[in-house]
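The next block holds one structure in the form of structure tokens; read it before the comments.
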């Protein structure tokens, strides 16, 4: 108990000092996680719309596969991407291994199923009369999608936030594809794992607190937007 309390107090002091190493680690985490979430959203949301809007053979199995991929282990994704971007892999000449780009690729693969599945669920919960009314009034497919998106925007935004939370807190992909290089690919979670292995808890506790504050801030902002929309 004394160890935890001492580590917590030291972590608070470390945060107040705006330690350069801590700031670098946090910035790398935010950059990689934000980029991954943005790319996955640009890809996953339209796919989710396309699946939800259209009936086609194999739709049910497609949704089932996407739901299964929600539980995809980060280590499995890391191994899969590693096989392609390692020196002996197909994309080896691109030198993506142990870079932020390599980490982003792995994280995008991890969260595309989350964004897509949650988008499908969000669209499916919207009353079909919105779409039928828009089409009756002569709206194009794109305009109809915009109407449905407006109604489902908060549920889709929640999917994006959940995806961001998944990647900023993951360890396996960041460690396997990033290599935990100080000042370059070291994220909050990989730094926490490293400090734990070294038996030094101050930096790990400080980064854990920052991670919690980031998650709290993102969700607080989301709730604020929801509240504003209801006014």
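A few notes on this one:
- Residue check, residue 108 surrounded by 18 or more Cβ atoms within 10 Å (Cβ to Cβ) and at pLDDT below 85: no
- For segment 44-70, the candidate set comprises residues that are in a loop (DSSP other than H, G, I, E, B) and at negative phi; within that set, the residue that is nearest to the chain's Cα centre (by Cα) is 70.
- Residue selected from segment 195-204 under the condition in a helix (DSSP H, G or I) and more than 22 Å from the chain's Cα centre (by Cα), by the criterion surrounded by the most Cβ atoms within 10 Å (Cβ to Cβ): 203
- Tally of residues being over 14 Å from residue 81 (Cβ atoms) and under 12 Å from the mean Cα position of the chain (by Cα) across segment 103-125: 3
- Given (1) under 25 Å from residue 176 (Cα atoms); (2) surrounded by fewer than 21 Cβ atoms within 10 Å (Cβ to Cβ), index of the condition residue 126 fails: (1)
- Residue pairs whose Cβ atoms lie under 6 Å apart, separated by 6 or more positions or on different chains, with the first residue in segment 1-26 and closer than 14 Å to residue 182 by Cβ and the second loosely packed, with under 12 Cβ neighbours inside 10 Å and modelled with pLDDT of 75 or more, are 24/183.
- Identity of the residue in segment 71-102, part of a helix (DSSP H, G or I) and without any contact (Cβ under 8 Å) to a residue 60 or more places away in the chain, that ends up farthest from the chain's Cα centre (by Cα): 93
- When 149, 184 are screened for being assigned to a loop (DSSP other than H, G, I, E, B), surrounded by fewer than 17 Cβ atoms within 10 Å (Cβ to Cβ) and touching a residue at least 60 places away in the same chain (Cβ under 8 Å), only 184 passes.
Listed here are the residues, each with its yes/no results for (1) part of a helix (DSSP H, G or I); (2) free of Cβ contacts under 8 Å to residues at least 60 places away in the same chain; (3) surrounded by 19 or more Cβ atoms within 10 Å (Cβ to Cβ).
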residue	(1), (2), (3)
160	yes, no, yes
170	no, no, yes
177	yes, no, yes
212	yes, yes, no
216	yes, yes, no
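The values are calculated or read from the model by the stated rules, or taken from the named source; none is laboratory data. Predicted, not measured: the structure shown is a model, and the values here were computed from it. FYI the Cβ positions are ideal-geometry reconstructions off the backbone, even for glycines, and counts take in every protein chain you see.
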